Amino acid sequence: MSFIKIYIHLVFSTKNRESLLSTSNIRIKVWKHIKEYATEKGIFLDMINDYSDHCHCLISLRSDQNIEKVVQLLKGESSYWINKNQLTRGKFSWQDEYFAVSVSESMIGSVRNYIKNQEKHHQRKSFMDEYKEFIEKYNFKI
């Protein structure tokens, strides 16, 4: 038996970064559904939280999973479910792009705390500022 623990901090936004997940009631329903769907698909979703225009997840990949497929499953099915349940005005979809960075074991608690406190965090910083910060911090080339 192989033992694998690969944590990924995953961030994806709504299409055109629109504030479609505008109420905490909608966001709680979406988190709950994504968490249940992830469990059903064998995706270990350690933590999830979002704000009106984006979602943060802390996931751990199994040996037979890859980040692209996990993201495709989570975003695709949740978009379908949000639209089916008419949780937003108009058609809902996630942006095609996403951030995914590995998280060392020693940083898991910090990332969990960061994800948990999204609402408080975004009272001080917009998602665009956070986006630019991620680009710089992780040296992504755009």
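Comparison of E105, E77 shows that the only residue that is acidic (D, E), buried (at least 16 other Cβ atoms within 10 Å of the Cβ) and touching a Phe, Trp or Tyr at 6+ places or on another chain (Cβ under 9 Å) is E77.
Restricting region 38-55 to residues that are in contact with a strand residue (DSSP E or B) (Cβ under 7 Å, 6 or more places away or on another chain) and either on the phi > 0 side of the Ramachandran plot or of a type in the set (A, V, I, L, M, F, W, C) (or both) leaves a set whose member that is surrounded by the most Cβ atoms within 10 Å (Cβ to Cβ) is C55.
Counting only residues that are assigned to a loop (DSSP other than H, G, I, E, B) and touching a helix residue (DSSP H, G or I) at 6+ places or on another chain (Cβ under 9 Å), which one in region 120-142 is modelled with the lowest pLDDT? Per the criteria, the residue is I142. Within region 40-60, one or more residues are within 24 Å of S19 (Cβ to Cβ) and modelled with pLDDT under 85.
Here's the yes/no breakdown for (1) surrounded by 12 or more Cβ atoms within 10 Å (Cβ to Cβ); (2) aromatic (F, W, Y); (3) closer than 22 Å to Y7 by Cβ:
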site: L20; (1), (2), (3): yes, no, no
site: C57; (1), (2), (3): yes, no, yes
site: F92; (1), (2), (3): yes, yes, no
site: Q95; (1), (2), (3): yes, no, no
site: M128; (1), (2), (3): no, no, no
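Sub-8 Å Cβ pairs linking a first residue in region 26-44 that is of a type in the set (S, T, N, Q) to a second residue that is not in a helix (DSSP H, G or I), at least 6 apart or interchain, are T39/L45, ordered by first then second residue.
Of the residues screened, I82 is not one that is farther than 17 Å from K15 by Cα, of a type outside the set (D, E) and either at pLDDT 95 or above or surrounded by 12 or more Cβ atoms within 10 Å (Cβ to Cβ) (or both).
The values are calculated or read from the model by the stated rules, or taken from the named source; none is laboratory data. Note that the structure is a prediction, hence the values are computed from the model and not measured. Every residue, glycine as well, gets a Cβ built from its backbone with ideal geometry; the counts of neighbours run over all protein chains shown.
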